[in-house]
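Asks: Handing you a structure now.
The values are calculated or read from the model by the stated rules, or taken from the named source; none is laboratory data. Predicted model, so just to flag it, every value in this text is computed and none were measured. Cβ placement follows ideal geometry from the backbone for every residue including glycine, while neighbour counts extend to all protein chains displayed.
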Amino acid sequence: MIYAILQTLSYILQFVQWVFIIMIIMSWLISFNVINTRNQFVATVWRILNQITEPILRPIRRFVPNVGGLDLSPLIVFVIIFFLQNLLASWAMGRLL
């Protein structure tokens, strides 16, 4: 039972990781005018991604300022996700109580 819960949490973390990767790539494409937010589909996808990622990024952005216009908060999220995945893997293997 515990293993199933840990595996589910791991899948959720992987999903969040993919959402952030898609959000980062899409922000680059918007910044370099490869895609345009005036397109209804692009605007809808961008709004959904922001609604998913902003609650996670907002608390981190309060502590980590932009460095030369570069937002490092998604990088912090990836480090946290990596840590949590390793922690879940350790619990699943029984190395941690």
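Asks: On the basis of being on the phi < 0 side of the Ramachandran plot and in contact with a helix residue (DSSP H, G or I) (Cβ under 7 Å, 6 or more places away or on another chain), does ILE80 make the cut?
Replies: So ILE80 fails the test.
Asks: With the structure loaded, tell me whether TRP28 is over 27 Å from LEU6 (Cα atoms), at pLDDT 95 or above, among the aromatic types (Phe, Trp, Tyr) and in a helix (DSSP H, G or I) or whether it fails that test.
Replies: Here the answer is no, as TRP28 does not meet what is asked.
Asks: Could you tell me which residue of segment 1-16 is farthest from SER90 (Cα to Cα), considering only residues that are out of contact with any Leu (no Cβ under 9 Å at 6 or more places or on another chain) and aliphatic (A, V, I, L, M)?
Replies: VAL16
Asks: Next question. When you look at VAL19, is it in a helix (DSSP H, G or I), aliphatic (A, V, I, L, M), under 30 Å from ALA4 (Cα atoms) and in contact with a Leu (Cβ under 8 Å, 6 or more places away or on another chain), yes or no?
Replies: Yes; evaluated as a whole, the condition is true for this residue.
Asks: Show the residue pairs meeting these rules: Cβ distance below 7 Å; 6+ apart or different chains; first residue within segment 50-69 and closer than 24 Å to THR37 by Cα and without any contact (Cβ under 8 Å) to a residue 24 or more places away in the chain; second residue among the hydroxyl-bearing types (Ser, Thr, Tyr) and surrounded by 10 or more Cβ atoms within 10 Å (Cβ to Cβ).
Replies: LEU57/SER73; ARG61/SER73
Asks: Say we look at segment 31-58 and pick out the residues that are part of a helix (DSSP H, G or I) and either of a type in the set (Lys, Arg) or in contact with a Phe, Trp or Tyr (Cβ under 7 Å, 6 or more places away or on another chain) (or both); which of these is surrounded by the most Cβ atoms within 10 Å (Cβ to Cβ)?
Replies: THR53
Asks: For segment 63-82, what are the residues that are among the aromatic types (Phe, Trp, Tyr) and closer than 12 Å to ILE24 by Cβ?
Replies: Once the filter is applied, which keeps residues that are among the aromatic types (Phe, Trp, Tyr) and closer than 12 Å to ILE24 by Cβ, segment 63-82 yields only PHE78.
Asks: Further question: Being within 21 Å of ALA43 (Cβ to Cβ) and touching a helix residue (DSSP H, G or I) at 6+ places or on another chain (Cβ under 6 Å) is the filter here, so list the residues in segment 9-23 that pass it.
Replies: Listed by number, the residues that qualify are VAL19, PHE20, MET23.
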